[in-house]
Every structure is written in structure tokens, then in C-alpha cells.
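Here the structure comes first, spelled out in C-alpha cells, and everything after it is commentary.
Any read-out appearing in this document is the output of simple, stated calculations on the displayed coordinates, not a laboratory observation. This one's a predicted model, so the numbers in the text were calculated from it and none came from an experiment. Neighbour counts run over all protein chains shown; Cβ positions are idealised from the backbone, glycine included.
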Amino acid sequence: MAGNYRNEASSSGGGGGNGGGGGGGRGETVVVDYGRRRSSCGYCRSPIGSSVSHGLWAQSLTVDDYQDLLDRGWRRSGSFLYKPDMSSTCCPSYTIRLKAADFSPSKEQNRVCRRMERFLDGTLNTGAKYELSEDLSTSKVTCDCECHGRSSLATVEPSVGKEGDKNEPEQFMYYLSDAIDKAVHTCIESEMFPANLQLPKASVKGVSPTKKKKLVKGLENLLYTSNIAFQLAAAIKRARSEEKDEKQSKFSGNLAKDQLPSELLPQTIGEKLAQSLSEMGEISGLLIQACDGHLNFYSIAEHTSADKAGQEKCLSKESSARSGNKRRCLVRCCSCCAGKRRKLEILLKRSTFEPEEFELYRRYQLKVHNDNPDHVTESAYRRFLVDTPLVFVPPSGDGLVPPCGFGSFHQTYVIDGRLVAVGVVDILPKCLSSKYLFWDPDFAFLSLGKYSALQEISWVKENRVHCPSLQYYYLGYYIHSCSKMRYKAAYHPSELLCPLRYQWVPFNVAKPLLDRSKYVVLSDYKDQDEKPLLPPVSETEDKNIGNTLIGFQGSRLRYKDLQGTFGLRNLEAQVRRYMRVVGRELSERMVYSLE
């Protein structure tokens, strides 16, 4: 693991109340019913009232009760608990989880880890400006390459062309096309580009000698070029024009339909793609340059002849080996020359307010999500990501609680003293539940969202030794129609929660069903062998609400006793609806407060 883990959770303050007895010494859950709610949807941007959910306000919440609520499709935002009405809401949200011990990382996920290792080693060309510790920021590092105008230069050096047929121009153009497509998807996942696009297939063309001077004056070493940046800009423009409500569009702002913000013009898109290709590190022997929107690929050996006399040459891998000089000229950031390995520290601590974390959150929301600055306030941040109703359970040393305890936590990622990411998580008896992640926009090239998920999965694996019940990684909600959530299913083998019977169904079984319909009773369906996937279960639960636990005037009563005293018809309908959404067991265990 790249980072050095430290655990301050068991001793630091913050988060959760002390509870009020019962629950095996873990406090009690007290909730106030907000009932069925309608609101606008932040995913499909449909009109107000299309998103339907049931809400509860938790005054206190035990980790055991919240674990069971998660397994019935609930989530929390601060102290507010909500559960989508799956059959009525516009974007059904399925709880998704992964058994950490069964996790099998993909090539892309392994690539993310390698990229972080290369960055920490100082061998990754980031092409970005940032400051870390004083030692690194003041190191005597020079860069002899120059970047002119709106160009973005980068050298890349992985293995391509080991087989003879890969060196054929046509074969190599196909390879470049696939690499560009990967870079486009990486930019979308990093939210540099909108997600709701009809993506064009990247086309790469060879440049004939007669056209080279016309495309790039003064350079004779241009080999291939692509106009993908212009195609993407056109696709973004089409998507914007199809928006039903421009004011709600993330990328529209106050611009007219036929205008694009500067960060989505072909010139800027080309620069971002050139940088992404550099970070991916899948192309060798070529220099990538974004020039006025064109994505160009040059022969490194020939390009160096145009540099100033005395500048260090940007050589191909083979020529570097022959000369014994393995250095590369890295434009804008000479991280490979830093001469000191960077230090990544991953620290888990109890949920509490830290000004440094809030400032990072604010930068992230403004730059990555384009939030209104007036809406990104300290109070809103506290309500969303700091306040928690979870009752903290300290470590017990008996194999029932991990060393950090159970409760709400912030997992911070610090590189050479600089805070670069914060993951907000809940650690519960069966799982680590990922709530939110915010990161430094300057470090987007590290794919910190993916990297943090991999670290959290590793954390579950490691801590199962201390707490055998801790087996799962919960990724929140999965909305099949939302392209931004597709990454969650990339953590194999994941499961989705059936919205009716609350049983877990493998994602590979659920996916073809969700391709046809956005709301599916997943446990109705069979596996490939036509055997029942899950045993049949009655769709109706016990409707006897008499044992529902009620909090009234400081006392704890069963509804049947309260009903005999007051005979409130309105309360009966409310409690019946409450029991339907939380289930009989939780309704008899959690306190339904009338105060």
C-alpha cells in the first residue's frame, strides 16, 4: 500500500451522542418522522416533485440500527435519513456493496495505483503546477523544454510496439484512437467534461509530408493528428442545446446555447486530453502536443532538433539507453527530477470540523462541481459532512469492534504535508460505508476518487482480522441511468439490493434487467441456469404496529399502550407507514419520537 496509515479515531473527539441506555451498551436510536417527501432531482434535472423519498431526522442513531437501515435502502446526509420510494421516484437508487475479500481489481484500477506510486517516486509526468513541502518546492530542479502559446507538451514512455505488427502505421493509428478514447473517459470520470454526451469515436490520421508544413509551420516531425477535441466540443454544444432547463444545467451558467465556457472550447479540450494521455502512460516514442484544438503526435527524436542549443534532448527510450541518459524533459513539472520520494499519509480520525478540510471542500465544490459560492458555507458543510447522529462505539479488544471503533470518520490523504483529499465514511458492524469524497483539483491527475475507494476496500480487508463481522464496502446508491455512477459497478463483484425483499443480487444478474427497466424487483428473477436466484418471499410484512416503540413525554411506550390511551387515528396511519419503510424489527427497536 502506497500510504502510511495512522489511526487517531479511538482517542479524538467529535461525532455522535452518548445515547440513552439499552442496545447492548451502544445507546439507542431516536428518530422524528418527516414522512413522504417530494423534491427536484439532481440527477435527471426533472421538475420539482419528481424525486420521491421518505425522510427521518435522527436525534441519535446506533451503529447496529444504521447497519440494518442501510440493508433496507436507507442513507444519511448529516443527521437526516432518507429512503427513495423506488416505485415512484424518477431515478430509482439501488444500494450497492462489495464483499472486500472477493474484490478483483481491474486493469484501470491497478493503473491508478501504479500512477500514485510513480507520483510518489517522482517518475510521473503530471504536467501540473502545485506546491508540496518546502523541501520539494524549493528543490533545485530545472526544465529545459518550453511550452509556447496554447500548446501542451508531454513525453510518454510505456510499452507499445514490442511486436512487429504494432509498428505498422495503420495498426498504430488504431492503437492511438483507443488510447484517446480512454483519455476521454478518464476526463469524464474526473468531471472535466459533462457526462451526458453521445461520445464520438476518436479518429487518428497519418500526416503526409506535403501537409506537415501547413498544419504546423516549421515542424517536420508531425506523424499523426486527431480532431477529437472539435468533435467533443460539438457534442457538448449539442447536449447543452437539448437541456430542458438551462438554468439548472451544470455547464450552462448564464451563457447562451450557442456558446461554450472557455474550459470546454476545442483548444482547452485538446490540452486536457494531451495531459490525460501523458498521465495514462500508454504511448511510447511520441511527443503529444495540443495545438489550437488539434491533438498532434510527433517523433521525439526529430522534435529535439528544433530545441535551442544547449537544451537537454528529449530522447526516445532506445536512444536514452544507448547514451546512458535516462532523463526526460517534462514540461511545466519536472517531478521526476525532484530527487526525493514523496510521503503519503492516510489518517483516520473521528468526524470533527477542521478549517483546512472545509477550505479544501470549498475549492472542490467550486472548481469541480461549479457550485454557487454563496451556497458553499461552513454551516452547510457542517450539516452535510461533519454532524452525525451515530453513537460512537470505542474499541473493545474482544474481536467485536475494530481498533478505531464504530462511528463516523474522516479519512484524510496528506502528501508531504499538504491535504489532498478527505473521505467521509461510516464504520459499522458489517461494513465501511463511503459517504463522500472531496479532493484538491490540482491533483485530479491522480484519480483520487478511484484511489480512495481502493484504499477503503483494503482497509476493510485489513480490519476484518480485528472484527470478523466487518466484510463489506458500501458505495452508496447506484442509479443505472446516471452515467456518473457507472464507476461504482466497476468494483467487482458488486451486489445490488432488491428494493422489495431487501435481498442482495449480483450486479451481473441485475444489469441486463436494469437495461430494460429502471425499476426492477431484482429478487424476482432467475440465474442463467433457470434456477430460482432467491427463495420466494411474501411482498407484505407483518402489519401489526402494536409493538412499535414510541417516545412520548420522556417515556418509552409501545404503540398499543399509547393507542389505548389516546386513540389517535392520524397517528396510526403515520406509524403504519413508518413501519412499512423501516421494517417490523427496527420499528420495535428504534424510538419513534413524538416530541
Rank by packing, highest mean first: peptides 422-431, 36-45, 365-374, with packing defined as the count of other Cβ atoms within 10 Å averaged across residues. 422-431, 36-45, 365-374
Placed amide H near Gln503: partners under 5 Å, 5+ positions off or other chain: Cys498
Shape call for segment 549-593, from the Cα gyration tensor axes a ≥ b ≥ c (a/c under 1.5 means rounded, otherwise prolate when a/b beats b/c, else oblate), comes out oblate
Counting other C-beta atoms within 10 Å, which of Thr377, Thr123 has the fewest, and how do the rest follow? Thr377, Thr123
Under 1.5 on a/c is rounded, so check that first for segment 430-525, then, if it is not, pick prolate when a/b is larger than b/c and oblate when it is not; a ≥ b ≥ c are the square roots of the alpha carbon gyration tensor eigenvalues. oblate
Report the full-extension gain for the segment Tyr525 to Val465: residue separation times 0.36 nm, less the Cα-Cα distance, to one decimal in nm. 18.1 nm
Suppose R0 equals 35 Å. What FRET efficiency, 1/(1 + (r/R0)^6) with r the Cβ-Cβ distance, do Val32 and Ala195 give to the nearest 0.05? 0.45
When the chain is fully extended, how far beyond the present Cα-Cα distance does Arg558 get from Ser46, taking 0.36 nm per residue of separation? 180.2 nm
So for Thr186, Thr352, fewest C-beta neighbours within 10 Å to most, what's the order? Thr352, Thr186
Find how much the distance from Glu585 to Asp442 grows on full extension, using 0.36 nm per residue of separation minus their present alpha carbon separation; answer in nm with one decimal. 46.7 nm
Among His54, His492, what is the fewest-to-most ranking by other Cβ atoms within 10 Å? His492, His54
